[in-house]
Amino acid sequence: MDFSLSPALLALQERTRSFIAREVMPYEHDERNTRHGPTEALRIELTAKARAAGLLTPHASADMGGLGLSHVAKAIVFEEAGYSPLGPVAMNIHAPDEGNIHLMEAVATEAQKERWLRPLAAGHIRSCFAMTEPAPGAGADPSMMTTTAVRDGDHYVINGTKWFITGAQGASFAIVMAKMEDGSATMFLTDMDRPGIRLERLMDSLDSCFAGGHGVLVFENLRVPATDVLGEIGKGFRYAQVRLAPARLTHCMRWLGQARRAHDVALAYARERHAFGKALGEHEGVGFMLADNEIDLLGARLAIWHTAWQLDQGSPGNIESSMTKVACSEAQWRVVDRCVQILGGRGVTGESIVMRIFQDLRAFRIYDGPSEVHRWSIAKKLMAPQQRQGNAS
């Protein structure tokens, strides 16, 4: 593996870094940043700036107006975008739209791409992905899905409740996962203004970086034309992996940028703030935390690059993305937690961006599968007979 960056990628990295610093970071204290994410007006204003800079939706294919970045290239650009909580929104690489764009480019029909994907990639609309359900429905175990889809002539009728649906408020369309009569799952595309869809409420959450917040969606006899099935009937779980394997990794990329931002803030404070006769960073208790931050940031970046390289080589990347997701979410959390400690009182108030990053990042150890579920999945693969034989040999 050669992780040296080409001149073109280095230039793109610097262009992204400059764009975030000049055009995006000044908006971090804008009153349109709400507890449920940036408002639609703020999102539109930011995406217009990214569009003018040639940095909007860079992960999409050239046909869809993007830069067609490889996974390794995304690792570089997404980290720089993540340096501001608003960066991914500005560049249209935020969840869930980023993952939905990837999935639809892979499996949507041409008609579906023109109707939903093209305006999504252009930043004109948002989307949501409706899979998670309240108990006893699907969470980390998708096989527990209770939302149903039943064929009725040329339509499917969907009933059920989904929650923690990121971006639900203000989304133009949704990708809905539902269980079929034979127990398999299928994905459906639906406009959000169709009769039978109700946004019941927004959920209060630690994070505030996702446009549209996190909503509870109720489907009551929602009729979806058979032409709006995404992909093939019964392959919903398979398509979920097509979406989730790279989506876990892009989460790691974006959050790495935020962890680096927190570290930079804490490092500057440790250099400037004095106590007991010297700079904070010269005290071993603080200096060692800064050193551990550098170690965790490097480890996370190498894990991301390694898995991105494997995806670029055609590997499905499921177990690799699980390992990287656990390693990065926990390393990045340690970094930000240390930064709060270094900053002291400033770190637990709005006087520093670190408090906001701390609140946003904590949920990453749960999003796209809790660390415990990923560890269980990894252990299950390790204990498979063929794996044991391979290790023994």
*Which of the following residues is among the charged types (D, E, K, R), under 17 Å from Phe210 (Cβ atoms) and either in a loop (DSSP other than H, G, I, E, B) or not assigned by TED's automatic domain parsing to the domain that holds Thr307 (or both): Arg118, Arg51, Arg43?*
Arg43
*asked:* Residues to consider are Ser127, Ser143, Ser84; find the one that is at pLDDT below 95 and either more than 24 Å from Arg201 (Cα to Cα) or polar (S, T, N, Q) (or both).
replied: Ser143
*Output yes when any residue across region 20-28 is part of a loop (DSSP other than H, G, I, E, B), assigned by TED's automatic domain parsing to the domain that holds Glu80, modelled with pLDDT of 95 or more and among the charged types (D, E, K, R), and no when none is.*
yes
_Matching residues in region 303-330 - criterion: being within 16 Å of Arg254 (Cα to Cα) and either more than 20 Å from the chain's Cα centre (by Cα) or without any contact (Cβ under 8 Å) to a residue 40 or more places away in the chain (or both)_ = Ala327
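So that you can scan it fast, the table gives a plain yes or no per residue for (1) part of a helix (DSSP H, G or I); (2) of a type outside the set (Gly, Ala, Ser):
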position: Ala259; (1), (2): yes, no
position: Leu290; (1), (2): yes, yes
position: Leu298; (1), (2): yes, yes
position: Leu302; (1), (2): yes, yes
position: Ser315; (1), (2): no, no
position: Arg334; (1), (2): yes, yes
position: Gln359; (1), (2): yes, yes
position: Ala363; (1), (2): yes, no
*Could you pull out the residue among Ile304, Ile319 that is β-branched (Val, Ile, Thr), modelled with pLDDT under 95 and assigned by TED's automatic domain parsing to the domain that holds Val242?*
Ile319
*asked:* Test of understanding: among Arg248, Arg194, Arg238, which residue is of a type in the set (Lys, Arg), outside any strand (DSSP E or B) and touching an Asp or Glu at 6+ places or on another chain (Cβ under 8 Å)?
replied: Arg248
*asked:* Quick check on region 265-275: of everything there that is touching a helix residue (DSSP H, G or I) at 6+ places or on another chain (Cβ under 9 Å) and part of a helix (DSSP H, G or I), which residue is surrounded by the fewest Cβ atoms within 10 Å (Cβ to Cβ)?
replied: Glu272
*Applying the selection to region 153-169, what residues are crowded, with 23+ Cβ neighbours inside 10 Å and either of a type in the set (Val, Ile, Thr) or over 19 Å from Val216 (Cα atoms) (or both)?*
Tyr156, Ile158, Ile165, Thr166
*Check whether at least one residue in region 210-225 is within 27 Å of Thr146 (Cα to Cα), surrounded by fewer than 21 Cβ atoms within 10 Å (Cβ to Cβ), modelled with pLDDT of 95 or more and of a type in the set (A, V, I, L, M), and report yes or no.*
yes
*Can you tell me which residue among Leu56, Leu69 is on the phi < 0 side of the Ramachandran plot and touching a Pro at 6+ places or on another chain (Cβ under 6 Å)?*
Leu69
_Residue count, region 121-152 (criterion: part of a strand (DSSP E or B), of a type in the set (Ser, Thr, Tyr) and surrounded by 19 or more Cβ atoms within 10 Å (Cβ to Cβ))_ = 1
*asked:* Six or more apart or on different chains, Cβ atoms under 6 Å: show the pairs whose first residue is in region 192-208 and in the same structural domain as Ile165 (by TED's automatic domain parsing) and modelled with pLDDT of 95 or more and whose second is in a strand (DSSP E or B) and of a type in the set (D, E, K, R).
replied: Gly196/Glu220
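The values are calculated or read from the model by the stated rules, or taken from the named source; none is laboratory data. Just so it is clear, the structure is predicted and the values come from calculations on it, not from any experiment. So basically every Cβ, Gly included, is an ideal-geometry build from the backbone, and we count neighbours across all protein chains shown.
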